[in-house]
Amino acid sequence: MTREVAVLHMEHNLALAEWGMREFRFRHLPVVEANKLIGLVSERDLLRASVSTLNSDHALLDDNLKRNFFVCEVMTTELTTVRPDATLVEAARLMRDRKLGCLPVTEEDGSLVGMLTQSDFVALAAEVLEEREGSHVSGTRAAIEVPRRVPLREAKQK
């Protein structure tokens, strides 16, 4: 879990949100008011609020749009959160089942404590696998089962 989280406020414009994500390399930024979580802005939210790169003037139009629209206009307000005493298994299952990229960690009063992300779980998995690999006799590796790929067209017809 990341405890030192960059946050946004409702009155911040989308240009600041985009800069923050790029600068801190986050894909989600929580929106707070008096340290209480009130929303979340994701890269996808910003992408939906962007001018298409297919437009010949997209850079100028996109910059203008992001300077004149605000976080409160694109943020998600119906959030799934966990308390600090939740287990990693509970958090992982919640993220998996609801297909969440991040999980804000809040106190009962809504105060933001930190963010748990997919990257946190990938780092944990790598650490566990490295430990596991180090404890096995060299030359023995577990095979990774790759699921059969189904073309979208074929899946849509089913």
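We did not get these values from a lab; they are worked out from the coordinates using the rules stated. Predicted, not measured: the structure shown is a model, and the values here were computed from it. Positions of Cβ are backbone-derived with ideal geometry, glycine not excepted, and every protein chain shown enters the neighbour counts.
Computed values, structure above
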read-out	value
Cleavage-rule hits, GluC sites (Glu not before Pro), the range 57-127, DSSP coil, Cβ neighbours within 10 Å at most 11	Glu78, Glu108
Debye log10 I(q)/I(0) for the range 14-135, one point scatterer per Cα, at q = 0.12, 0.18, 0.21 Å⁻¹	-0.55, -0.99, -1.19
Sequence ranges 9-16, 95-102, ranked by mean other-Cβ count within 10 angstrom, highest first	9-16, 95-102
Förster radius 30 Å - calculated FRET efficiency between Ala125 and Glu43 (Cβ-Cβ, nearest 0.05)	0.85
Residues whose placed amide H lies under 5 Å from that of Val113, excluding near-sequence neighbours	Val105, Thr106, Glu107
Net charge over other residues, Cβ less than 14 angstrom from the Cβ of Ser119 (K, R count +1; D, E count -1)	-1
Label-to-label distance, nm, for residues given as Gln118 and Ser56 (7 Å Cα→Cβ offset)	3.7 nm
